[in-house]
Amino acid sequence: MTKAPIKLLMAASGTGGHLFPAIALAQQLPDYQIEWLGVPNRLETRLVPKEYKLHTISVEGFQKGFGFSSLFTLGKLAGGVLDVRKLLKAGNFQGVVTTGGYIAGPSTIAARSLGLPVILHESNAFPGKVTRIFAPLCTSVALGFNVAAQYLPKGKTVYLGTPVRPEFRQAEIGASLDLPVAEDAPLIVVFGGSQGAVAINKLVRQCAPAWFEAGAYIVHLTGDNDPEAESLRHEQYISMPFYDNMAALLQRANLAISRSGAGSLTELAVCGTPAILIPYPYAAEDHQTYNAQVFTSVDAGLMFKQSELTVESLQNEVLKLLHSPLELKAMGDKASSIAIPDSAEKMAQLVRELVRK
């Protein structure tokens, strides 16, 4: 008789920052039987069912201070724990991996109540509230940024970086794009993570004429929530909501303008792309600023608060960098120095060590 594969529940939900690292890890465990835990009507319902069986539960986070609405949230949490316990027992799972966010709560409690190992991956430099609460229960907490260890229990953490999709490790530097960008022209890539960034989009469109005049091309990933996404037309400007071949795009880019979500920063580091970072000002506990500071602390990028940026300041900062190729190269080299390209493999090894029959 053939030995049944180890069953692993992957609890990852919401944005690309939670989902893409989990998918990259799952791809490194082809001999495991992996099923997924998510939330209805989130990104996982589009991405996950192509490869993995998806289960959903109804939970939500404590977005505000404790109040009457928190009792409803607590009730959902308790119901979620019972649902996950039932799923883990009925499916005979051997362990749980979660990438944080509010789905980590019920999945961690349920798994530990059954004596199953839980590996939590925290991608941010300042760990999320759920991670800080539930880390003591976890078997191990893998970190995307080493500085996060200071906020978590000693002896629980291991610094492994954040897993990226295989194409980021396999694509060659200078890979050709299927986009009409002149071969020798400087390329600026603008993106706001999986949810886009309307405020950055507006600034960039106002700055763009000066950058065109300097010979630059712009590939602008606007997200799908920008009502003015089609308002600028120029032969050196390529606008689209998203782009699949981000590895080749970031490796070709001379400069990126980006939010500072952990997933975006990981991809920038692996590709060695210098960046101007504009943290999302309403991110939970301002965690994107902590992320950006990891880059600025080693001169791998520049950080500007959205509230302080003007059209003139962003326009001039980009022009100054475009005219300083040595500075751009130095920033890119620094970005590469903080990358862990084989993070997915390291995470897979951790799973193999802790999740067994």
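The values are calculated or read from the model by the stated rules, or taken from the named source; none is laboratory data. Quick caveat, the model's predicted, so the values are computed rather than measured. We place every Cβ from the backbone using ideal geometry, glycine too, and count neighbours over all the protein chains shown.
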Across the range 157-167, which residue is nearest to residue 17 (Cα to Cα) among those that are at pLDDT below 95 and surrounded by fewer than 24 Cβ atoms within 10 Å (Cβ to Cβ)? 165
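Only one of 298, 318, 294 is modelled with pLDDT of 95 or more and touching a Cys at 6+ places or on another chain (Cβ under 8 Å). Can you tell me which? Write out each step before concluding.
Numbers: 298 fails: touching a Cys at 6+ places or on another chain (Cβ under 8 Å); 294 fails: touching a Cys at 6+ places or on another chain (Cβ under 8 Å).
Just a single option satisfies the conditions, and that option is 318.
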Is it the case that the range 60-79 has a residue that's crowded, with 23+ Cβ neighbours inside 10 Å and modelled with pLDDT under 95? no
Which of the residues that make up the range 334-357 are surrounded by 14 or more Cβ atoms within 10 Å (Cβ to Cβ) and among the charged types (D, E, K, R)? 334, 342, 345, 346, 352
Return a yes/no flag: does the range 86-100 have any residue that is more than 23 Å from residue 340 (Cβ to Cβ) and in contact with a Phe, Trp or Tyr (Cβ under 8 Å, 6 or more places away or on another chain). yes
Strands (runs of 3 or more DSSP E) lying entirely in the range 250-357 (those with 2 or more residues that are in the same structural domain as residue 186 (by TED's automatic domain parsing) and touching a residue at least 60 places away in the same chain (Cβ under 8 Å)): 255-258
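Against the condition in a loop (DSSP other than H, G, I, E, B), at pLDDT below 95, in the same structural domain as residue 104 (by TED's automatic domain parsing) and not small (Gly, Ala, Ser), how does residue 42 come out, does it pass? Lay out the reasoning, then the answer.
Working: in a loop (DSSP other than H, G, I, E, B): yes; at pLDDT below 95: yes; in the same structural domain as residue 104 (by TED's automatic domain parsing): yes; not small (Gly, Ala, Ser): yes.
For residue 42, the condition - in a loop (DSSP other than H, G, I, E, B), at pLDDT below 95, in the same structural domain as residue 104 (by TED's automatic domain parsing) and not small (Gly, Ala, Ser) - is met.
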Hey, among 203, 116, 152, which residue is in the same structural domain as residue 82 (by TED's automatic domain parsing), touching a helix residue (DSSP H, G or I) at 6+ places or on another chain (Cβ under 6 Å) and modelled with pLDDT of 95 or more? 152
Based on this model, can you work out whether residue 84 counts as surrounded by 15 or more Cβ atoms within 10 Å (Cβ to Cβ) and over 30 Å from residue 243 (Cα atoms)? yes
